Amino acid sequence: MVAKNSEEIARIKIACTICKRILVALGKMVEAGMTTYDIEKRGEELIRENRVVSAFRNYNGYPADLCVSVNEEVVHGIPSRKRVLKEGDIVSIDIGVIYKGYCGDCADTFPVGEIKSIHRKLIEVTRRSFEAGVAMVLPEKRIGDIGAAIENFVEENSFSVVKEFAGHGIGKNLHEYPEIPNFGIPGTGAILRENMILAIEPMINQHKAAVRILDDGWTVVTKDGGYSAHYENCVLVGRQGPEILTA
């Protein structure tokens, strides 16, 4: 992962702004009775209206514009007409867009109506673990500092970190070097430099960390059936501190 120049940063910022705008709009429409495909179709419309293209569709063969993951689905849930949301579900929406050759990527987890208090806490801890990680995004810090901060916060709150999937650098490509695990050892890993851009994305399980991939080759689920939450933003390593581009 290399530092970005001013023109690249400007384009990535626009991609990230559009990406988050779409995500917020999709989150507001989540309600019981709709399908995950309904979310996908609205996402397609918003991507087109904002004159960007999906960074996900056909990425390594992925068949949709969004990832929509429900309850025990951790990430990469394929939208389906058969998956109907019901009261008490939680749904993670992950979206990536490309603007003038540069990517933006963000995700969040939303409640469907009234949800159990433990699941509300899971969503909150996932978001706050991101904040703990972002506090480590400073020049001369290391990737391991980010992961350790996330992992420590999550475990202090009695949840577990998914270790098979990670955050990443971002720019012209959706996934750039290095990976940014949500666990780690402080003082280890790649050194952060000013004007690098990172996609930091905690994936946090209610119970144990173990996951498996379904037969569709994409959908990642918890092995024990516990719920999982996902939160992601793109972050610029600034001289004075982190700047969240998908704020």
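Using +1 at the Cβ of each Lys and Arg and -1 at the Cβ of each Asp and Glu in the chain, identify which of GLY184, ALA148, PRO63 lies farthest towards the dipole's positive end.
With unit charges placed on the Cβ atoms, the residue in question is PRO63.
Assuming 0.36 nm per residue, please report the length gained on full extension of the stretch LYS41 to ARG81 beyond their Cα-Cα distance.
That pair, LYS41 and ARG81, stretches by 13.4 nm at full extension.
Quick one: Cα convex hull volume of the chain, Å³ per residue?
107
Considering only the other residues whose Cβ falls under 15 Å of the Cβ of GLU124, what net charge follows from Lys and Arg at +1 and Asp and Glu at -1?
Net of charged neighbours comes to +2.
What does a probe at LYS208 reach in the stretch 218-234, counting residues whose amide N is under 12 Å from the point 7 Å along Cα→Cβ?
It comes to 222-226, nothing else.
Could you give each residue of the stretch 91-106 its phi-based ³J(HN,Hα) in whole Hz, using Karplus coefficients 6.51, -1.76, 1.60 with θ = phi - 60°, and x for Gly or Pro?
Listing the rounded values in order: 9, 9, 10, 10, 9, x, 10, 10, 10, 6, x, 10, 9, x, 8, 7 Hz.
Under 8 Å for C-alpha pairs, at least 6 residues apart: give me the relative contact order for the stretch 140-233, rounded to a whole percent.
It rounds to 31 percent for the stretch 140-233.
What percent does the relative contact order of the chain come to when contacts are Cα pairs within less than 8 Å and at least six residues apart?
23
Once phi is turned into θ = phi - 60°, what whole-Hz ³J(HN,Hα) does the Karplus curve with 6.51, -1.76 and 1.60 give for every residue of the stretch 234-247, x standing for Gly and Pro?
With the stated coefficients, the stretch 234-247 comes to 8, 10, 8, 7, x, 4, 9, x, x, 10, 7, 7, 9, 6 Hz.
With a 10 Å cut-off between alpha carbons and a GNM built on the chain, which of ASP224, ASP215, ASP38 moves the most?
Result for the chain, Cα springs under 10 Å: ASP215 fluctuates most.
Exceeding 30 Å between C-alpha atoms, which entries from my cross-link table qualify? They are LYS28/LYS116; LYS13/LYS86; LYS28/LYS82; LYS41/LYS172.
Correct reply: LYS13/LYS86.
What shape does the stretch 83-176 have by the C-alpha gyration tensor, where a ≥ b ≥ c are the square roots of the eigenvalues, rounded means a/c under 1.5, and otherwise prolate means a/b greater than b/c and oblate the rest?
Oblate shape, in that a/c is at least 1.5 and b/c is the bigger or equal ratio.
Hey, what number do you get for the chain at 222 nm if only DSSP H runs of n ≥ 4 count, each worth -39500 (n - 2.57), divided across all residues, to the nearest 500?
-9500 deg cm²/dmol
Readers should treat all values here as calculations from the given coordinates under stated rules, not as data from a laboratory. All figures in this text were calculated on a predicted structure; none of them were measured in a lab. Quick reminder, even Gly has a Cβ in these numbers, built from the backbone with ideal geometry, and neighbours come from all protein chains shown.
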